[in-house]
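Data first, discussion second: the structure below is written as structure tokens.
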Amino acid sequence: MTRLKDILGLSIKRHRSQLCWLAAFIIFLFILPLFSGDYVLYMVMRIAILCLLSYSVNLLLGYTGLLSFGQAGFYACGAYACGKVLLAGTSLLPGIFIGVAVAAIVAIILGFFCVRHTAIYFAMITLAFGMMIFSLAEKWVEFTGGDDGLIGIPRASLNFFYLFSIKMNTIPAYYYFAIVVTLIAIYFLYRILHSPLGLIFQGIRDSETRVSFVGISVRKSRLICFTIAGIYAGLGGALFAPLEQTITPSTSHWITSADPIIATLLGGMYSFSGPIVGSVVYFLLKDIIVRLTMNWMLILGTIIIILVLAFRGGVMGAFHAYLSPRLK
Amino acid sequence: MSNFIFQALNGLSSAMFLWLVAAGLTVAFGVCGILNVAHGSLYMMAAYFAFTSFQILGFNFWLSLVFALIGAGIIGFLMERFFLRRIYDQPIEFQLILTFAFILVFDNLTKMIWGTMLIIPTMPSLFQGTIPIVGRPFPIYNLFIIFAGIAVGLIIWVILSKTWWGMKLRAAASQREMANAIGINIPTLFTAAFVFAALLAAIGGALSTPIRVCDSGVGGAVIIQAFVVTVIGGLGSLKGAFVGALIIGVIGALCTLYVPFIELFVLYLIMAVVLIIRPQGLFGGER
């Protein structure tokens, strides 16, 4: 039992009920294709991608205290790189890997400049870089296809060292791939955030001076955080490209960067599960509101205003504050 | 060469719109400490008010301008009094997100009221016509915009440095507690400052209607340009906002003429380079 505990990095005794919920949730995700149509699976995949992007935002916002308006830039880097590779006719994994790698490299380079700043200046410089990527996506027609974007990206099959090959052309097949990748990615992030590195991030958020007094380089830690955030945004983009099979420049616009910020805020930025809950709530909310009324932006805006003024902890914050003590 | 001068003049007139929006952004940031992402939406609402008054209701140009100012002023008052006031002591992230939510609300409201059409009314007869500059016809209205922008700049300068109210504003901007202690009513002053900022955006929006296309998404586009301008000039510096607007307006116009494909890229590149080399901007003090 101790070994399992070590491997999973969870304290099993304390979190038994949480683990049960988690197991139930994962089993639910895996049996979902048995009784639901393609549209539901598509929705879940979009939620999973938004979730990765929200983690990318929340790693910076909730854990390190930096608001980025440019995460869509890395998302687009992942999506365009993956799209280009897949269009060249490779199998799925190289596309995903190169998408993530390109996002990571861009994040390291831009992060080098971004992490010198905090608060408003950080928001502004990430906005500037994000919009630079946007203008490249829009105007570098030879490479990105301009306004039309990349069209007809194949959902290539998954070849594993020539051992076996799984076709990805159906929605359920790609669903399993996307869900497994997302779950693994979230698990890795959980481990990172519950490691000393994660504590350093939170330390920086709470008091930069103290962290630097302990002898830790604040700037280097921020750069690591920024790069991980870029990788997660890039992974989201890389999964997005084969799903939609089309990428347009709007994926990199700053308005796209706002979606995960809202989702994170909705779910709760100081809780690990916040971005998941937020992405689910945000996506379903948007889907329901769009069906009921033309004026979804008005309702969404009102919800955000209420959240910021009254419930800054989001759904999970409210859960921990009001419901959790009573359940015990 | 005549192309260059002509296009630079065009850039100068579009710089004035940037200046008016950026000036409001700067006043709100400098006094209330709030970076209002929805400031571009005030510009947009004012443009719609002016359009409705001029084109649909048939009032004259100046009266339409006044109506637009009143409308945007009321919106600014409501925003500050009931929403922004509650989050002054919160981290800047929450202010950015809250004011972003206002973009969504305003965009949707304009769609509900005016539909999704592009608006560009006829030029008021007062300003029809052109005058020859470097051998080419330059619209009188663009010339008027340049003078109006400079005039508003002078008015702001007089208000801030020569009047009692402006002095209180500067006091509150630099030492909030001290200003409060000597009997300045800070909450009221902040509301007034925010309304003043809204009026500056509204002048830009209302004056833009005869020559610039306006639709329900223009608020987001305008605010991004205003961010570029204020960041280059230095957040919180009015002089910086003016110079930043001139730089961005003229460089933007010249890029459109010579290298049309990388215009946007160049603007954001300038913004990023300024942030890297001199984050406080060209005219900002120590941060």
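Using a/c under 1.5 as the rounded threshold, could you call segment B:20-217 rounded, prolate or oblate? The axes a ≥ b ≥ c are square roots of the C-alpha gyration tensor eigenvalues, and prolate needs a/b larger than b/c, oblate otherwise.
oblate
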In whole Hz, what ³J(HN,Hα) sequence does segment A:241-249 give by Karplus (6.51, -1.76, 1.60; θ = phi - 60°), x for Gly and Pro? 4, x, 5, 7, 6, 9, 10, 10, x
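Using mean Cβ contacts within 10 Å as the protection proxy, how do B:273-281, B:203-211, A:229-237, B:126-134 order, highest first? Intermediate values should be presented prior to the final figure.
Numbers: B:273-281: 17.3, B:203-211: 26.2, A:229-237: 30.7, B:126-134: 12.0.
The packing order, highest mean first, is A:229-237, B:203-211, B:273-281, B:126-134.
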Amide H neighbours of B:ILE133 at under 5 Å, excluding residues fewer than 5 places away on the same chain, with H built from the backbone geometry, are B:PHE138
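When you have a sec, figure out the Kirkwood radius of segment B:189-287 from all distinct Cα pair distances and drop it here in Å to one decimal? All intermediate terms of the calculation are to be shown ahead of the outcome.
Working: mean 1/r = 0.0681 Å⁻¹.
Over segment B:189-287, the inverse of the mean reciprocal pair distance is 14.7 Å.
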In whole angstrom, note down how far apart the Cα centers of segment B:58-126 and segment A:153-172 are. 51 Å
Picking from A:ILE109, A:ILE49, A:ILE179, which is most flexible by a Gaussian network model of chain A using Cα springs under 10 Å? A:ILE109
Can you grab the distance from the C-alpha centre of segment A:69-117 to the C-alpha centre of segment B:180-245, Å, no decimals? 35 Å
Segments B:67-78, B:235-246 sorted - mean Cβ within 10 Å per residue, highest first: B:235-246, B:67-78
Answer rounded, prolate or oblate for chain A, using the Cα gyration tensor with square roots of eigenvalues a ≥ b ≥ c: rounded when a/c is under 1.5, else prolate when a/b is larger than b/c, else oblate. rounded
Can you run phi through the Karplus equation (6.51, -1.76, 1.60; θ = phi - 60°) for segment B:123-139 and list ³J(HN,Hα) in whole Hz, with x for Gly and Pro? 5, x, 4, 4, 10, 5, x, 9, 10, x, 10, 6, x, 10, x, 10, x
Around B:GLY33, under 10 Å between beta carbons, what's the net of Lys plus Arg minus Asp minus Glu among the other residues? 0
What helices in chain B pass both tests, a Cα length along the helix axis of 27 Å or more and a mean Kyte hydropathy of 1.6 or higher, using whole DSSP H runs? B:61-82, B:140-162, B:186-208, B:238-258
With a 10 Å radius around each residue's Cβ, average the other Cβ atoms per peptide and rank B:15-24, A:84-93, A:265-274, A:249-258, highest first. B:15-24, A:265-274, A:249-258, A:84-93
So, in Å, what gap is there between the alpha-carbon centers of segment A:289-304 and segment A:202-234? 36 Å
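Rule-based calculations on the coordinates, nothing more; no lab input. Note that the structure is predicted; figures quoted are calculated from it, not measured. Neighbour counts are summed over all protein chains in view; Cβ atoms, including those assigned to glycine, are modelled from backbone coordinates with ideal geometry.
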